Amino acid sequence: MVSYKKLNLTGIGGAKEENSLSNKELFNQIQKLSTEQRNPASQQIDTSSTQDIIQIMNDEDQKVALAVQKKLPEITRAVNLVVEAFQDGGRLIYIGSGTSGRLGVLDAAECPPTFGTNPEMVQGLIAGGEKAMFVAQEGAEDSTYQAGIDLEEKGLIGKDVVCGLAASGRTPYVLGGLKKAAKLGCKTIFITCVDKSKLQLPVEPSVIIDPEVGPEVIMGSTRLKCATAQKMICNMITSASMIRLGKVYENVMVDLQLTNKKLVERAKKIIMLFTNMDYEQAGLALDNADGHVKTALVMSITNSSKESAKIALNENNGFIKPAIEYIKQRV
C-alpha cells in the first residue's frame, strides 16, 4: 500500500521551502531504494573486457521490457486519462528532473512533427529549466516549490494531466508538482522504478506506474535501465493516445507535419502505399490537399473532392477508415 502525506512539501502556495529532510534522513531514505543497490551481475564490471561489459548491459536491459509488461494495466489507465483530457481540450504535461525530465521534454517535443499536434498539447518541464536539458542542474531537483511555480506559468488547469517522472520515486521537484496539480483538480500519473508500496508521497496520484527494473549495472546510474523503462512508458502513453485520437491509419502515422523535405517525401510514400498512385501523382494529390496527408488519402481512396474529404474527416473525428465509409455511403 502506498504511503501518502508523509512528506512535508509546503511552499506550494508560495513560501520558499526546500527539501525538509535532514542529511541523515535523506541518506537513510536513499540507501533503501532499489535504484541505489549494487547489482550482483556487474560487481566485477570494472575489470571486464569491453565485450563482457556490453553483454552484461544487454542482459540487464532485457529485463526492462518484462518489468514494463507487468505494468500494462496501469499504463492502459494512464492512456485513457490522457485521451479523455485531450478530448476535453486538456493537455499532458510531463514534469521531472535530470534524465527523467529530459525524457519528458523529448517525448513532448516529438509529438508535433510525428502526430501533427499543437506544441501546447504535450509539454515537458524539467527542474532547472531549459538549460538543464544540456547541462546538469543537479540542485534544481531539491526544490519542492519551484514545480508549482513552473506549472502556474504553464497556465495549469483542472482538465490537464500532469505526469511526474522520478526514477527514485522521491524527487522533491516532481512530488511538489504532483501536489500542485492535485490541488488544482488535475488527474496525475507518476512513473517511477520503485515499488509503490515503498513510496512516501504527498498526494495520491490517479495512476502509479512502477516497473521494478532492479539495480542498475552501475549503482545509482538511473540513466540506464530506469531511463529505458521510463522512455518505453512515455512512448506508450503518447503513441497510444494519438492512435486513439485518429492520428494513425492502420499502422502508419498520417497526421505528420510537412516541416522538412524528408517528411514531404514520407508523405508521398504514404499516399502511394494506400493507393495505386505513382510518385508524381502522389505529389499532386498532396498539393491538391494543401499538404494535409489525411485529406489527400481520403480524396485519393474515394475519388472525392477536397471539401468532401475534409467534411468526412471532421464528421468522424479525424479517423480515416470511418471517413472513407462516410463518403462511400453517400455516393
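Every number here is computed from the coordinates shown, using simple stated rules; none is lab data. Small disclaimer: the values here were computed from a predicted structure and weren't measured. Every residue, glycine as well, gets a Cβ built from its backbone with ideal geometry; the counts of neighbours run over all protein chains shown.
In a Debye calculation with equal point scatterers on the alpha-carbon sites of the chain and no solvent, what is log10 I(q)/I(0) at q = 0.10, 0.12, 0.15 Å⁻¹?
Results for the chain at q = 0.10, 0.12, 0.15 Å⁻¹ read -0.67, -0.87, -1.15.
Please report, in whole Å, how far the alpha carbons of the range 264-331 spread along each principal axis, starting with the longest.
Ordered largest first, the range 264-331 gives principal extents of 29, 18, 16 Å.
Rounded to the nearest 5, what % of DSSP beta bridges with both residues in the chain are antiparallel?
Among the beta bridges of the chain, antiparallel pairing accounts for roughly 15 percent.
With only Lys, Arg, Asp and Glu charged, each at its Cβ (+1 for the first two, -1 for the last two), find how big the charge dipole of the range 222-328 is about the Cα centre; round to the nearest 20 debye.
660 debye
For the chain, what does the relative contact order come out to in percent, with C-alpha contacts under 8 Å and a separation of six or more?
21 percent
Going by how many other Cβ atoms sit within 10 Å of their own, how do 154, 71, 179, 196 line up, fewest first?
154, 196, 71, 179
Neighbouring Cβ atoms within 10 Å as the yardstick, rank 60, 152 fewest first.
Ordered by Cβ neighbours within 10 Å, fewest first: 152, 60.
Give me the one-decimal Kirkwood hydrodynamic radius in Å for the range 61-169, with the sum taken over alpha-carbon pairs.
14.9 Å
Under a 10 Å cutoff between Cα atoms, tell me which one of 313, 273, 92 has the largest fluctuation in the Gaussian network model of the chain.
Maximum among the listed residues: 273.
Arranged by the count of other C-beta atoms within 10 angstrom, fewest first, what order do 173, 279 take?
Going from sparsest to densest Cβ surroundings: 279, 173.
Suppose only helical runs count, i.e. DSSP H with n ≥ 4. What mean residue ellipticity at 222 nm does that imply for the chain under -39500 (n - 2.57) per run, divided by all residues and rounded to the nearest 500 deg cm²/dmol?
-15000 deg cm²/dmol
Treating only the Cβ of Lys, Arg, Asp and Glu as charged (+1, +1, -1, -1), what charge dipole size does the range 3-244 show about its Cα centre? Round to the nearest 20 debye.
So the magnitude is around 600 debye.
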